[in-house]
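The values are calculated or read from the model by the stated rules, or taken from the named source; none is laboratory data. The model shown is predicted, which means the values in this text are computed figures rather than measured ones. Note that we place each Cβ from the backbone using ideal geometry, even for glycine, and neighbour counts take in every protein chain shown.
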Amino acid sequence: MILTAHQPVYLPWLGLFHKIAIADTFVSFNQVQYLPKDWNNRNRIKTPKGPQWLTVPVLRKGYLEKRIGEIEINNSVPWRRKHWRSLVTNYRGAPYFENYAGFFEEVYSRDWQYLTRLNEALLEWFIETLGIEVRLLSAADYEFRGSKSELVLDMCRQLGADVYVFGALGHDYAVVEDFEAAAVRAVFQDYRHPRYPQLHGEFVPNLSIVDLLFNCGPRSLEILMAGQSGVE
């Protein structure tokens, strides 16, 4: 069984979906500490003036000590209206915007209290829409113990994984020898970002998956997986 995991992030980039697509099981790592100025609550879209951040504001009181699943959205800021208008303004001319606009309009009409619930709802829809077949699990339903490499290895043991797919940054903390001793193969994603048709001038990589979906529609999974060596 090939396992991978990631903390819940907002409107993820293409590489996360590649990592999910090459796995059998994906765990939403919603019990790790919240990281400010990371991708938990923001991502980028493309505009005529270049990349633009879409950021979900969070309540900052004590947030540095909270797990991601405990982070609450600051709904005193009209972020939902801003994000929906930004998508409409910058993608209404994209070939497949109308195919998916209804979903996003509905998402941004709803009240969201917790950041993780918003992120996981979006992720589930993206996975289904892309056509990725994977088992989705939540870390909140388990008691994974340890930190960094130990935490990942404990998750592998509890879920019966034979292979674990780290992101490229896993090289910085994974203790491969421990995985080998536990008969779990540790592999590292080596994602090569594809080029695809975009609006607004020269190609910009590393944007949110929404940019690919609005521009390429049902070919999105094929494009994000094309030419990939998979893992190293």
Residues of the stretch 22-40 that turn out to be in contact with a helix residue (DSSP H, G or I) (Cβ under 6 Å, 6 or more places away or on another chain) and modelled with pLDDT of 95 or more, as a count: 3
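A quick yes/no check of all residues on (1) at pLDDT 95 or above; (2) small (Gly, Ala, Ser):
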| site | (1), (2) |
| --- | --- |
| VAL163 | yes, no |
| GLY167 | no, yes |
| VAL187 | yes, no |
| TYR196 | yes, no |
| SER208 | yes, yes |
| LEU212 | yes, no |
Qualifying position, being among the basic types (Lys, Arg), surrounded by fewer than 19 Cβ atoms within 10 Å (Cβ to Cβ), closer than 26 Å to VAL32 by Cα and more than 19 Å from the chain's Cα centre (by Cα), among ARG60, ARG85: ARG60
Matching entry among ARG117, ARG192 (being modelled with pLDDT under 95, at negative phi and not hydrophobic (A, V, I, L, M, F, W, C)): ARG192
Residue within the stretch 151-159 that is more than 17 Å from the chain's Cα centre (by Cα), polar (S, T, N, Q) and within 23 Å of ILE127 (Cα to Cα) present: no
Selection from the stretch 71-118 of residues that are touching a Gly at 6+ places or on another chain (Cβ under 9 Å) and within 24 Å of GLN7 (Cα to Cα): TYR114, LEU115, THR116, ARG117
Contacts under 6 angstrom Cβ, first residue in the stretch 157-178 being free of Cβ contacts under 8 Å to residues at least 24 places away in the same chain, partner polar (S, T, N, Q), 6 or more apart: ALA168/GLN189
Evaluation of ASN75 against (1) in a loop (DSSP other than H, G, I, E, B); (2) at pLDDT below 95; (3) out of contact with any helix residue (DSSP H, G or I) (no Cβ under 9 Å at 6 or more places or on another chain) (one fails), failing number: (2)
Filter result for PHE17 (in contact with a Phe, Trp or Tyr (Cβ under 8 Å, 6 or more places away or on another chain), touching a residue at least 60 places away in the same chain (Cβ under 8 Å) and not in a loop (DSSP other than H, G, I, E, B)): yes
Among the candidates ALA168, ALA183, ALA174, residue that is within 27 Å of LEU221 (Cβ to Cβ) and small (Gly, Ala, Ser): ALA168
Qualifying residue in the stretch 70-80 (condition: crowded, with 18+ Cβ neighbours inside 10 Å and closer than 30 Å to GLN158 by Cα): yes
